[in-house]
Amino acid sequence: MKNSILIIALLCFSAFLPGVSQAQQVAHINYMDVVQMMPEYAKASTAYELYKQSQEDMLAELQMKYETLQKSLEKESSAPVPNQTRIKIISQKMQITLEEYQQKQVEIQDSLNAKMYELVDPIKKKVADVVAEVAKEKGYTHVIDNSAGTLIYADPAHDLTEIVKTRLGIKDKPSSNSAAGKPKPMGASGVGGK
């Protein structure tokens, strides 16, 4: 009897809650499949591969330089009377070349990531804009990328960010000088960078 009264009370109470009476509509899409099916994606992929090959060619040059030094070191070390000064110089050059190679690998990886973003981001934005348009037309409040579990579109009316920030006492920073107080990126001071 107590359970029945509790259930009836909850049903009556929930009828007056606007969030309960209006269910949110959630849709899904395989976002990356759509992006990869775009005609622009094939062009971007080709451009990326050409760029990647040019970057890998730079690494190959450093690798050849290292291998040449390694052969010189082997030749000098196997001489009847090895020249220790020459061996030391070659070893130092090998170390420098190895460090250059490793640094170039990092630079190339960063460059490849930036190039991928540059080429693919406009395509992703175009797809996301259409997803939002379709979602609005169909009455969906959220669209989830089922290939990665990423939220692509959310109805701004259901965004709780500002309410949560207010309750936590978080205030937006003044926009007059957005760079104030931000740390300088690595390499910006000339130390450790170019």
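Quick look at the values:
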{"read-out": "Calculated FRET value between GLN109 and ILE89, using beta carbons and R₀ = 35 Å, to 0.05", "value": "0.70"}
{"read-out": "Environment charge of LEU98, counting only residues whose C-beta is closer than 12 Å and scoring Lys/Arg +1, Asp/Glu -1", "value": "0"}
{"read-out": "Cα-centred dipole magnitude for the stretch 38-152, charges only on beta-carbon of K, R (+1) and D, E (-1), debye, nearest 20", "value": "240 debye"}
{"read-out": "Net +/- balance of residues flanking SER147 in space, Cβ distance below 14 Å, scoring K and R +1, D and E -1", "value": "-1"}
{"read-out": "Extension gain (nm, one decimal) between GLU56 and VAL134, 0.36 nm per residue minus Cα-Cα", "value": "23.9 nm"}
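A short reminder: the numbers here are calculations on the coordinates, not readings from a lab. It should be emphasised that the depicted structure is a prediction, and the values quoted were computed from it without experimental measurement. Note that we place each Cβ from the backbone using ideal geometry, even for glycine, and neighbour counts take in every protein chain shown.
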